[in-house]
1. Output the 0 to 90 degree angle, nearest 10, between the alpha-carbon long axis of helix 169-181 and the longest principal axis computed from the alpha carbons of the chain.
2. Using the heavy atoms of the protein chains alone and a 1.4 angstrom probe, what is the accessible area of the chain per residue in square angstrom?
3. If all Cα-Cα distances of segment 55-168 are sorted into 5 Å bins from 0 onward, what percent lands in each bin, rounded to whole numbers?
4. Among residues other than Gly182 whose Cβ falls under 14 Å from its Cβ, what is the net charge (Lys/Arg +1, Asp/Glu -1)?
5. Answer with one residue from Tyr65, Pro92, Ser28: the one whose Cα lies farthest towards the positive end of the charge dipole of the chain, charges on Cβ with Lys, Arg +1 and Asp, Glu -1.
6. Under 1.5 on a/c is rounded, so check that first for segment 142-190, then, if it is not, pick prolate when a/b is larger than b/c and oblate when it is not; a ≥ b ≥ c are the square roots of the alpha carbon gyration tensor eigenvalues.
7. If you average the alpha carbon positions of segment 34-93 and of segment 113-148, how far apart do those two centres end up, in angstrom?
8. For a protection proxy built on the mean count of beta-carbon atoms within 10 angstrom, sort 73-86, 173-186 highest first, please.
Amino acid sequence: MKSHIPNVVIASILAEPAGQRKFAGFFSYLGTVHRWNLRVLRAQDEIAAFFADGKALGVIDGVIYSGRYDKTVFRKLASLPCPIVVMENESPELNRRTRNLVVIRNDAEEIAKAALRTFVEMGKYKSFAYVGDLSGQEWSKRREAAFAKTVAAKMPVQANIYSTLAASAEIDRPRLSGFLAGLERPAAVL
């Protein structure tokens, strides 16, 4: 009798370095432990289209999600009976799930402390800044607050915080360029 090989969806934005590192981690785990049939979703529009297709969802045995917060996608995830792993997303849609859910959150304070330690080891900076994720993801807001708090506690200067107002990187670029140009040099930017 043949054993069932699980159908697992990995949804991770592979155009971003963080998504690439997570993807490499998935495969190092798979190579040592499991045999899965994988469906890899590499971009947010591909992720949204897949979860909008009800037929595709019927054959999923598990989901690893590391994409952007999308209310429609998270509603679909909440309705699936299979195990789900979600990285770096707080979702009210998933709050009603009582089992088969793992949410992985990075420790924003530890990341901020590690960044500041690295900056201090690299040299003497006159200013410190945080530039968050363009789409205002929750993980980025937590990291921003932790970085500002860490710099304030450990350095004689305050962290400069850049918050985007634009809908796209192209629209935001001139304002971001002005922010970066206005930092006292040398500047350390997370």
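1. Tilt relative to the chain: about 30 degrees.
2. For the chain, the solvent-accessible area averages 59 Å² per residue.
3. It works out to 2, 10, 18, 17, 13, 12, 10, 8, 5, 3, 1, 0, in whole percents.
4. Numbers: positive: Lys126, Arg175, Arg185; negative: Glu184.
It works out to a net charge of +2.
5. Of Tyr65, Pro92, Ser28, it is Ser28.
6. Numbers: a/c = 3.50, a/b = 1.60, b/c = 2.19.
Oblate.
7. 30
8. Taking the mean over residues of other Cβ atoms within 10 Å, the ranking is 73-86, 173-186.
The values are calculated or read from the model by the stated rules, or taken from the named source; none is laboratory data. On a predicted model such as this, the values are computed, not experimentally measured, just so you know. No Cβ is skipped: glycine too gets one built from the backbone with ideal geometry, and neighbour counts run over all protein chains shown. The protein model used for the area step is the full one, side chains on, heavy atoms only, and it has no ligands, DNA or RNA in it. Shrake-Rupley method; radii C 1.70, N 1.55, O 1.52, S 1.80 Å.
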